[in-house]
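Everything on this sheet refers to the single structure shown next.
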Amino acid sequence: MAKPLKVDSQSWDQEVLKGTGLTLVDFWAVWCGPCQIIAPVVDELAQEYEGRLRVFKLNTDENPDVASRYQIMGIPTLLFFKDGKPIDKVVGAAAKKQFKDKIESHLAVK
């Protein structure tokens with residue numbers, strides 16, 4: 001069963017920037033209520049799209065350098081990467097359907 005993988009400053013380049021295909025990174029923090037609300041949705045997306053979408057979680061309190069590099073001003077922010085390049089984002093808690101629609105649209109683009 002796929003689960004989101006933890007990524008940090010040390011593993012960022014290898015896991016995300018050098019990754020191939022579609023990648024979703026959940027920028028979150030322990031104290032963030034909306035982050036806790038969408039956490040189960042992110043877990044479900046990792047399961048549902050296993051093999052087609054790589055899902056990571058990055059704690060912004062522990063890795064502020066990565067968050068600032070991508071100008072993450074509010075959390076949760078879910079950032080989409082395609083072959084290591086940022087292509088889209090969702091800021092704030094959203095419905096699972098909104099995330100799925102974005103994932104499907106990005107998977108449809110070859």
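Please verify whether LYS102 is touching a strand residue (DSSP E or B) at 6+ places or on another chain (Cβ under 7 Å), farther than 18 Å from GLN36 by Cα, among the basic types (Lys, Arg) and without any contact (Cβ under 8 Å) to a residue 24 or more places away in the chain, treating the condition exactly as stated. The answer is yes for LYS102. Of all residues in segment 1-51, those that are of a type in the set (Ser, Thr, Tyr) and out of contact with any Gly (no Cβ under 9 Å at 6 or more places or on another chain) total 3. In the set ILE38, ILE75, only one residue is buried (at least 20 other Cβ atoms within 10 Å of the Cβ), within 13 Å of the chain's Cα centre (by Cα) and either small (Gly, Ala, Ser) or part of a loop (DSSP other than H, G, I, E, B) (or both); that residue is ILE75.
In segment 94-110, the residue that is farthest from ASP43 (Cα to Cα) out of those that are at pLDDT 95 or above and surrounded by 15 or more Cβ atoms within 10 Å (Cβ to Cβ) is HIS106. Note on segment 55-66: residues that are free of Cβ contacts under 8 Å to residues at least 40 places away in the same chain and of a type outside the set (Ser, Thr, Tyr) amount to 2.
The values are calculated or read from the model by the stated rules, or taken from the named source; none is laboratory data. Here the structure is a predicted model, which is why all the values come from computation and not from measurement. With ideal geometry, Cβ positions are generated from the backbone for all residues, glycine too; neighbour counts draw on all protein chains shown.
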